[in-house]
Amino acid sequence: MTEQTRREFLSQIPSETSLAERVLLYELFKNAWDGEGKVVEIGPFLGGTTRAIAAGMMMNSRRAEGADLHTFDRFSDYHTPENLRKMMESMVQLKIFTASDADRLCATGSFLTLFRAIHEPQDYYKILHVHDSPMPDYPQEVNSSTALDCFNGETALGAVFIDGCKSWASTHYAMKYLLPRTRLNAPIIFQDFAWYTCYWISAFVYALRDYFTYEKHADSTYVFRLKQAVSEKEITKLFTTTPEAMGALFFQQADDYLFTQSQARNDNRGALIARLHHIAALASTQRLDAAAKILKSINPYDYKAHVDLIKGCLSSPTYRPCGKKILWTDKN
């Protein structure tokens, strides 16, 4: 596969990730993954990242038997059938699907059948295991969730890719379940690490900073390596079930640490995100006045390449687990 062909292949599926992020995933699993252990993906949506990861795995000559990709999502209630159909028009234009097939596949709000139709024709589908199993979004759901129980007894997962943890509680659940079952030096990848609303991701990385080594990033996707074994008990102690329990000082320290780390590697986006995530955390824990003070201190001219992130924060700094935006006029 030539570079141009590969880029076209990775661009076919409508995705909220950039091509640069998908190329990073493909190259990582083709060249830098050791080929051992099951790979976990949380939140594929239509599978742009699924294709990148699985295709890279298939090209990796070191991939061991049974080192497959397990992908998890809530395969419904994201978009209306009309929105799904609009998204699929690009694949119709590429003649991957006929218009009538796209109409049929997008007839309901569920996209599980559509997901399978996208990936089944590909060689990598034989290593793909699709789980219609959403992460818990609320603290009270964490202890009763069985979303990841298929990994009971696992002790050597090969990599973890997180895109679909859209709340503090889902991140807490997924990380305390998966990391103790993950091999040392395995890639731990967060797609929303540098997205302005998802402060729980960078907060988790800060809380577990002694266990992670930064490796690389592209746009909002950041790759770390698990450098030290960690238990569920240790994770629960360092990253509680709610942001309120962490306290305001924790988020100030996370901001300072992540800002300094980003500056040290000339990562301008990461430095901005440290500030925007601090704002999001304060807004989420009902400290809007303190959040606004930090926002006013940001000079947009220092972050010209990422001004859209600042504009997004100006509109709404983050959202609640149900997806409802937190607005600057909110009173609670």
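The table below gives the values:
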item: Potential extension, Asp308-Ala245 segment - 0.36 nm per residue separation minus Cα distance; result: 19.6 nm
item: Dipole of the chain, positive end: most advanced residue of Thr236, Thr71, Phe97 [Cβ charges, Cα centre]; result: Thr236
item: Integer Hz, Karplus 6.51/-1.76/1.60 couplings in order for the stretch 273-288, x for Gly and Pro; result: 4, 4, 6, 5, 6, 5, 4, 4, 5, 5, 5, 5, 9, 6, 10, 5
item: Average projection area in nm² (convex hull over Cα atoms of the stretch 245-326, one quarter of hull surface); result: 5.5 nm²
item: Segment Lys95-Glu215, extension gain: residue separation times 0.36 nm, minus the distance between their alpha carbons; result: 39.4 nm
item: FRET E, pair Arg116, Lys324, Förster distance 25 Å, beta-carbon r, rounded to 0.05; result: 0.25
item: Amide H contacts of Thr318 (H built 1.01 Å from N, under 5 Å, at least 5 apart or other chain); result: Ile326
item: Dipole-positive endmost among Trp195, Ser11, Ala52 within the chain (Cβ charges, Cα centre); result: Trp195
item: Of the trypsin sites (Lys or Arg not before Pro) in the stretch 78-180, those whose Cβ has at most 12 other Cβ within 10 Å and which sit in DSSP loop; result: Lys95
item: Debye, to nearest 20: dipole size of the chain, +1 on Lys, Arg Cβ, -1 on Asp, Glu Cβ; result: 520 debye
item: Long-range amide H partners of Lys216 with built H, under 5 Å; result: Val223
item: Those aspartates and glutamates that a straight Cα-Cα span of less than 12 Å connects to Lys38, excepting residues fewer than 8 apart in one chain; result: Glu65, Asp68, Glu154
item: Read-out semi-axes √(5λ) of the Cα gyration tensor in Å, derived from the coordinates shown; its label in [x] 31, 24, 20; [y] 83, 21, 18; [z] 47, 24, 17; result: [x]
item: Value at 222 nm in deg cm²/dmol, rounded to 500, when DSSP H runs of n ≥ 4 in the chain each add -39,500 (n - 2.57); result: -12500 deg cm²/dmol
item: Above-threshold pairs, the threshold being 26 Å between Cα atoms, out of Lys30/Lys311; Lys95/Lys166; Lys296/Lys324; Lys293/Lys325; Lys227/Lys293; result: Lys30/Lys311; Lys95/Lys166; Lys227/Lys293
item: Karplus-derived HN-Hα couplings along the stretch 175-188 (A = 6.51, B = -1.76, C = 1.60, θ = phi - 60°), whole Hz, x at Gly and Pro; result: 6, 6, 7, 7, 4, x, 9, 10, 5, 4, 6, 6, x, 10
item: Calculated from backbone phi, Karplus (6.51, -1.76, 1.60) coupling profile of the stretch 305-320 in Hz, x at Gly/Pro; result: 6, 10, 5, 5, 5, 5, 4, x, 5, 4, 6, 6, x, 6, 9, 8
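Every read-out reported here was derived from the displayed coordinates using simple, explicitly stated rules and does not represent laboratory data. These figures come from a predicted structure and were not determined experimentally. Don't worry about glycine lacking a Cβ; one is built from the backbone with ideal geometry, like all the others, and counts go over all protein chains shown.
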